[in-house]
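Right, one structure below, let's go through it.
Bear in mind that the values in this text are calculations on the coordinates, not laboratory data. The structure presented is a predicted model; accordingly, all values stated were derived computationally and were not measured. Cβ placement follows ideal geometry from the backbone for every residue including glycine, while neighbour counts extend to all protein chains displayed.
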Amino acid sequence: MNNENRVRIMQIIVVAAVIFVLLLLTALIVNLVRLASTNTRKRALEAELNRLDALIAQNEETLDYRKTDEYIDAFAREYLNMIGRGEEAFVGKKK
């Protein structure tokens, strides 16, 4: 090989290496952007999960209360016009 061919081959190798490095940098930037987007989405989903867990806990407390005799008694008195054992219903006097 003569000196001119060696220079030409070295130029091709350098250009190929530069193109390869540029492709790697582009891929790295794309993946970093995706990673940032994924982390943002993850934080949003974790916040939503925490909100829903709190809502579930609140609803479980409501359900537990509604299973109590106290709630059933209050509901029956208020909405079903029922009275307890041994109680007398108060009826207003008609005019």
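Worth pointing out:
- Net charge of Cβ neighbours under 13 Å - reference residue 41; Lys, Arg +1; Asp, Glu -1: +1
- From the coordinates shown, volume of the Cα convex hull per residue in Å³ corresponds to which of (1) 88; (2) 128; (3) 141: (3)
- Efficiency of FRET from Cβ geometry, residue 39 and residue 2, R₀ 35 Å, rounded to 0.05: 0.05
- Net lengthening on full extension, residue 49/residue 83 (0.36 nm per residue, minus Cα-Cα): 7.9 nm
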